[in-house]
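Would you mind keeping the following structure in view while I ask a few things?
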Amino acid sequence: MSKKKRLAAKYRARRIAFALLLLLLLALGAFGLWRLLSRAEAGPESSSGSGSSGSQSLPPATQTGGEPEEGISRPDLDPAPVEPQGPVIDKDDWRLVLINPTHAIEKELDIEFDEVNGYKFDKRVAGKVRELIAAAKEDGYSLAIVSGYRTMDRSRMLYANKVAEYQAMGYDEATAKVEAARWVAPPGTSEHHSGLAMDIVSGDYYTKYNDLVEAFENEPEAVWLKENCARFGFVLRFPKDKTDITGINFEPWHFRYVGEEHAQVIMEQGLCLEEYLGVLD
């Protein structure tokens, strides 16, 4: 072969090698671009499991803590159902009957009575009253009931007497009625009509006081009652900081039966019955 032919063959071989190299580079570039586009579409999380030994990468929401797509149920992400707090409140429950100035009764309730120390109570509550008094005695405290069930006529008389007291102090009749109602519930609005309420004080109360007064809250018996009443299903019905809701002045001697489970919530959360029942009108 002549020298000229050898050079021509050498140049053809170089051109072929160059063409092959160029094709290889183009193929590698296309492959790299495809990988980049695939990762962009799959999201950054898709690469996190590429080096793991046989494990599958978790869905994006699980890895990042994000929210699952709308309409897709994820057992591992859906929050557990929230259980209701406290007992179910049934306003038809006899233990939760509300009697106050805005929820008055028009006639006497049909009640089966039982007596405790000479005072009438709803028969279903009398046993709890006895248990409370006995428990206080075991702890060294003597308690005395001073009021239980009241008829509407009895409330009418007590209210009229209180109105007369205010009028004697110089109040006009309208103002006297308003002030009297803060201490003695007018007939039809008193919890004592239910047979579920009682006024209870220390055994020696009337050797210290002539009437029911707020100062009783400082007596050991009042402290014991407030701390232990819920164990027997009772609540302090007219707390000091709820007078704007109840419309009744603070009465550290007035306790009302609502049942142990309800009483526990009311006393622990510092509520009055109106708040607990969601009746604030």
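The values are calculated or read from the model by the stated rules, or taken from the named source; none is laboratory data. Given the structure is predicted, the values throughout are model-derived calculations rather than measurements. In this analysis, Cβ positions are derived from the backbone assuming ideal geometry, glycine residues included, and neighbour counts consider all displayed protein chains. For the accessible areas, the whole protein counts, side chains as well, though only heavy atoms, and no ligand, DNA or RNA atoms are used. Shrake-Rupley method; radii C 1.70, N 1.55, O 1.52, S 1.80 Å.
With a 1.4 Å probe and every protein chain left in place, tell me how much accessible area Leu271 has, in Å² to the nearest 10.
Accessible area of Leu271: about 40 Å².
Amide H of Val146 versus every other amide H placed in the peptide plane: which residues, excluding those fewer than 5 positions away on the same chain, fall under 5 Å?
Result for Val146 returns Asp199, Ile200, Val201.
While we're here: Using the Karplus equation 6.51 cos²θ - 1.76 cosθ + 1.60 (θ = phi - 60°), what ³J(HN,Hα) coupling, rounded to whole Hz, does each residue of the stretch 148-164 give in order, writing x for Gly and Pro?
Ordered by residue, 3J(HN,Hα) equals x, 5, 10, 6, 5, 5, 5, 5, 4, 5, 4, 5, 4, 5, 5, 4, 4 Hz.
Per the Kirkwood definition applied to all pairs of different Cα atoms, how many angstroms is the hydrodynamic radius of the stretch 107-221?
On the way: mean 1/r = 0.0639 Å⁻¹.
For the stretch 107-221, the Kirkwood estimate is 15.7 Å.
Return the carbon/sulfur percentage of the accessible area of the stretch 191-238, one whole number, probe 1.4 Å, all protein chains in place. Before the final figure, lay out each step's value.
Values: 840 of 1840 Å².
The C+S portion of the solvent-accessible surface of the stretch 191-238 is 46 percent.
Using a 1.4 angstrom probe on the protein heavy atoms only, could you order Val223, Val201 from most to least accessible area?
The most accessible residue leads, giving Val223, Val201.
Keeping all protein chains in position, work out how much accessible area Lys208 exposes to a 1.4 Å probe, and write it in Å² to the nearest 10.
Result for Lys208: roughly 110 Å² accessible.
Let me ask something else about it. How much of Lys120 can a 1.4 Å solvent probe reach, expressed as accessible area in Å² and rounded to 10?
Estimated to the nearest 10 Å², Lys120 gives 90 Å².
Can you bin the stretch 158-281 into rounded, prolate or oblate? Criterion: square roots of the alpha carbon gyration tensor eigenvalues sorted a ≥ b ≥ c, rounded for a/c under 1.5, prolate for a/b above b/c, oblate for the rest.
Working: a/c = 2.14, a/b = 1.37, b/c = 1.57.
Note, shape of the stretch 158-281 comes out oblate.
How far is the Cα center of the stretch 211-225 from the Cα center of the stretch 179-201, in Å?
The stretch 211-225 and the stretch 179-201 have Cα centres separated by 18 Å.
Under the Karplus relation 6.51 cos²θ - 1.76 cosθ + 1.60, θ = phi - 60°, what is the ordered set of whole-Hz ³J(HN,Hα) values for the stretch 262-269, x standing for Gly and Pro?
Listing the rounded values in order: 6, 4, 4, 5, 4, 6, 5, 8 Hz.
Which pairs, out of Lys162/Lys242; Lys128/Lys208; Lys107/Lys226, put more than 30 Å between their alpha-carbon atoms? Walk me through the intermediate numbers first.
Numbers: Lys162/Lys242 22 Å; Lys128/Lys208 28 Å; Lys107/Lys226 32 Å.
Over 30 Å Cα-Cα: Lys107/Lys226.
Same structure, new question: Just by accessible area at a 1.4 angstrom probe, what is the order of Met267, Met157, Met169, Met152 from largest to smallest?
In descending accessible area the options line up as Met169, Met157, Met267, Met152.
When the Karplus curve 6.51 cos²θ - 1.76 cosθ + 1.60 is applied with θ = phi - 60°, which whole-Hz ³J(HN,Hα) does each residue of the stretch 197-205 get, with x for Gly and Pro?
10, 8, 9, 9, 9, 6, x, 9, 3
Right, another one. What number comes out for accessible area per residue over the stretch 231-281 if the probe is 1.4 Å? Units Å², please. Could the numbers behind the result be given before it?
Details: 1870 Å² over 51 residues.
On a per-residue basis, 37 Å².
Could you sort Phe250, Phe31 by their accessible area in this structure, using a 1.4 Å probe and putting the largest first? Numbers along the way, then the final one.
On the way: Phe250 15, Phe31 115 Å².
Descending order: Phe31, Phe250.
Can you pull the one-decimal nm distance between simple spin-label points at Glu214 and Glu108, each 7 Å off the Cα toward Cβ?
Between Glu214 and Glu108, the label points sit 3.5 nm apart.
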